[in-house]
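**Q** Below you will find the structure I want to go over with you.
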Amino acid sequence: MRAPLLGLVLLLPLLLFKPPPCCGQNTQGGLQDGPHFGFTHAVYHAMVYENSAARTYTMSKVKMGIHLAQRSWDVRYRITSGDDEGFFKAEEYVLGDFCFLRMRTKGGNAAILNREIQDNYVLTVKASVKGEPLLETWTKVSIQVMDMNDLRPLFSPTTYSVTIAESTPLRTSIAQVTATDADIGSNGEFYYFFKDKMELFAVHPTSGVVSLSGKLNIDEQNRYDLEILAVDRGMKLYGNNGVSSTAKLFVHVERV
């Protein structure tokens, strides 16, 4: 009796031990002992200009996508999060043994990208293989929205008033107008100028400072209504001249 009992005691741990499954799911959703299925990078960086037309593809310094360990794989890409407005679409393009991930703006969307509202989108993209439910993987695509010269400089305030003495010396700064442009970099640069040619006054093209450039004579004129414009330095997106709303400067001259 002891021999069979001893054999049962030795066999019991083997019966309780459950061997691991021969195949397990890896971090990419593929099989540990099968072909690797995963993106070349966990995060990609791409760029696209604001106001881009439909079906405009983003630009990336590295190729985005998956190496096809098996040419028979039918890979599909889908955006799963980060694009609540529906601006973007993920597309597949197979070349050789690589399935490129191409990101583009959608067609038929009334809304357009606006850098001044949102300048970056971080999208989660899922890849899967048709007919292979265990083959799936994810990546992040950070899309930077680049600036276009689509905004005009605007004055704030639009009306200025100043009183100066008739004896004010030449080249004296008498006022300063201010405009802003929400574009960035060179797209946000603009210059000031008078709408009509002025003999007695000058405006600095970048600072907006108005100074006296001629001799005042209150007996000839005691008030000047000056109109000042701000114009974009760069080429406008829509081909217009970039003129902003007009700022008015009222100059009152008083006798000393």
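Every number here is computed from the coordinates shown, using simple stated rules; none is lab data. The structure presented is a predicted model; accordingly, all values stated were derived computationally and were not measured. Quick reminder, even Gly has a Cβ in these numbers, built from the backbone with ideal geometry, and neighbours come from all protein chains shown.
**Q** PHE201's amide H: which non-local residues (gap 5+, or another chain) put their own amide H closer than 5 Å, with H modeled 1.01 Å from N in plane and none for Pro or chain starts?
**A** Amide H neighbours of PHE201: SER213.
**Q** Shifting gears a bit: Sort VAL141, VAL253 so the one with the fewest other Cβ atoms within 10 Å of its own Cβ comes first. Walk me through the numbers before you get to the answer.
**A** On the way: VAL141 26, VAL253 18.
Going from sparsest to densest Cβ surroundings: VAL253, VAL141.
**Q** When the dipole is taken about the Cα centre of segment 154-254, and only Lys, Arg (+1) and Asp, Glu (-1) are charged at their Cβ, what size is it in debye, to the nearest 20? Numbers along the way, then the final one.
**A** Numbers: 8 positive and 12 negative charges, 35 e Å.
For segment 154-254, the charge dipole is close to 160 debye.
**Q** Here is a further query. Can you spot the lysines whose alpha carbon is less than 28 Å from LYS140's alpha carbon? Ignore those fewer than 8 places along the same chain.
**A** LYS61, LYS63, LYS89, LYS106, LYS126, LYS130
**Q** Once the mean 1/r over all distinct Cα pairs of segment 24-146 is inverted, what Kirkwood radius in angstroms do you read off? Kindly include the intermediate steps, with their values, before the conclusion.
**A** Working: mean 1/r = 0.0666 Å⁻¹.
Result for segment 24-146 stands at 15.0 Å.
**Q** Output the Cα-based Rg and Dmax of segment 154-254 in Å, rounding Rg to one decimal and Dmax to a whole number.
**A** Both quantities, over Cα of segment 154-254: 14.7, 48 Å.
**Q** Another question, then. When only Cα pairs under 8 Å and 6 or more residues apart are kept, what is the percent relative contact order across segment 24-146?
**A** Working: 287 pairs, mean separation 42.9, N = 123.
Contact order relative to length: 35 percent.
**Q** Moving on to the next point. Just subtract the alpha-carbon distance of GLU199 and THR246 from 0.36 nm times their residue separation and send over the number in nm, one decimal. Working shown, then result.
**A** On the way: separation 47, 0.36 × 47 = 16.92 nm, distance 1.94 nm.
15.0 nm is the gain from fully extending GLU199 to THR246.
**Q** Now a separate question. Test of understanding: what is the full-extension gain from SER207 to LYS61, defined as 0.36 nm times their sequence separation minus their Cα-Cα distance? Can you show the working numbers first?
**A** Details: separation 146, 0.36 × 146 = 52.56 nm, distance 3.88 nm.
Contour length minus the Cα-Cα distance gives 48.7 nm.
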